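Below is one structure; the comments refer to it alone.
The values are calculated or read from the model by the stated rules, or taken from the named source; none is laboratory data. All of these numbers come straight from a predicted model, not from anything done at the bench. Counting neighbours? That spans all protein chains shown, and the Cβs are built from the backbone with ideal geometry, glycine included.
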Amino acid sequence: MKKINLKSILKKTFNKKVSKKTPKKVKKIKKVEPKKIKKIVKIKVQKKNKTKQKEEKNVSLRISKQNELKPEIKKIKKQETEKKEFKPKDYVVYPKHGVGQILSINAKTIGGIDVQCYDIKFEKDKAVGLLPINKQSFLRPLATINQVNKCISILKSKPKIKRSMWSRRAQEYEQKITSGKIYELAEVVRDLNKGDDIMVDQSYSERQLFEKAYERIASEFQIILNTSSEETHKKLNKALKRNLESQTPKTEVKQIPVSESSEGGEVPAVEEETE
């Protein structure tokens with residue numbers, strides 16, 4: 001029998017195999033020169049600057065688009081004018097002054113701006129007015145014969161008087177007179193007409209509005225129909241059923257027979273007024 005050595009058995013059991021670990025490879029750090037470091041830093045700084053410039057450009061583009069939407073204010077040297085509709089010696093109707101005649105068309109500077117204006121003569125007011133051609137929409141030509149006939153039919157119709165307060169009615173009548181529309185002017189004359197009793201139950205303001213509208217429509221009729229003022233007034237009075245001749249009191253002279261006075265003189269004839 002072989003002898004068993006306990007020491008050898010124990011060594012085999014308890015002795016561990018020691019694994020030899022291979023050492024890790026250590027990366028070798030390359031030595032960089034200082035010049036190269038400066039170049040790298042410059043490149044990084046340039047990249048940052050480029051990104052900032054791009055952002056600023058985008059912001060500026062956004063602002064410019066917003067500015068494009070806003071209208072630019074420019075100094076006006078010449079005023080834009082419409083085409084000339086009226087010529088010199090034409091008759092026109094201006095709402096606030098009535099019938100007028102264009103004398104000439106002149107260019108005038110108003111506040112440093114060249115403006116072409118109509119020179120309009122108003123015979124009733126005995127004045128000359130200036131109206132820019134740019135505002136000739138306020139003017140209108142004279143009415144036609146068909147419109148005159150329609151106005152006469154309006155004058156012959158029954159008046160339409162509202163029961164509202166006179167202050168409100170007076171404002172409405174004034175607006176119709178200054179509107180420049182010939183049909184509304186005829187309505188005012190019709191509604192304020194009192195016929196034969198023109199002085200009865202009519203206030204001063206009411207009579208004043210009636211005369212204003214009456215004279216305006218009469219002046220326009222006179223030019224359109226080419227008649228005298230007396231004939232136009234007769235035509236209007238006939239349509240309105242106004243007999244003004246019957247209102248004026250007639251004076252009749254009655255002669256009293258001559259009688260001898262106590263002194264032998266004669267008594268003169270006396271005039272008596274009869275209604």
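Suppose we filter Ile133, Ile145, Ile198, Ile161 for residues that are β-branched (Val, Ile, Thr), surrounded by fewer than 11 Cβ atoms within 10 Å (Cβ to Cβ) and at pLDDT below 90; which single one remains?
After applying the criteria, what remains is Ile161.
Might you check whether a residue that is in contact with a helix residue (DSSP H, G or I) (Cβ under 9 Å, 6 or more places away or on another chain), free of Cβ contacts under 8 Å to residues at least 12 places away in the same chain, among the basic types (Lys, Arg) and outside the structural domain of Lys238 (by TED's automatic domain parsing) occurs anywhere in region 81-94?
yes
Yes or no: Lys160 part of a loop (DSSP other than H, G, I, E, B) and touching a strand residue (DSSP E or B) at 6+ places or on another chain (Cβ under 8 Å)?
no
For Gln136, state whether it is out of contact with any Asp or Glu (no Cβ under 9 Å at 6 or more places or on another chain) and part of a helix (DSSP H, G or I).
No, not satisfied.
Of everything in region 142-175, what is among the polar types (S, T, N, Q) and under 17 Å from Leu225 (Cα atoms)? Give them in sequence order.
Result: Thr144, Asn146, Gln147, Asn149, Ser153.
Quick one: which residue in Lys87, Lys126, Lys150 is modelled with pLDDT of 85 or more, surrounded by fewer than 13 Cβ atoms within 10 Å (Cβ to Cβ) and either among the basic types (Lys, Arg) or closer than 19 Å to Thr232 by Cβ (or both)?
Just a single option satisfies the conditions, and that option is Lys87.
Determine whether region 207-219 contains at least one residue that is farther than 19 Å from Glu123 by Cα, in contact with a helix residue (DSSP H, G or I) (Cβ under 7 Å, 6 or more places away or on another chain) and either crowded, with 18+ Cβ neighbours inside 10 Å or of a type outside the set (S, T, N, Q) (or both).
Checking region 207-219: at least one residue is farther than 19 Å from Glu123 by Cα, in contact with a helix residue (DSSP H, G or I) (Cβ under 7 Å, 6 or more places away or on another chain) and either crowded, with 18+ Cβ neighbours inside 10 Å or of a type outside the set (S, T, N, Q) (or both).
Could you figure out which of (1) under 23 Å from the mean Cα position of the chain (by Cα); (2) of a type in the set (Ser, Thr, Tyr); (3) over 21 Å from Asn226 (Cα atoms) isn't true of Ser104?
With (1) under 23 Å from the mean Cα position of the chain (by Cα); (2) of a type in the set (Ser, Thr, Tyr); (3) over 21 Å from Asn226 (Cα atoms) applied to Ser104, the lone miss is (1).
Quick one: is Gln101 under 19 Å from Ser219 (Cβ atoms) and polar (S, T, N, Q)?
yes
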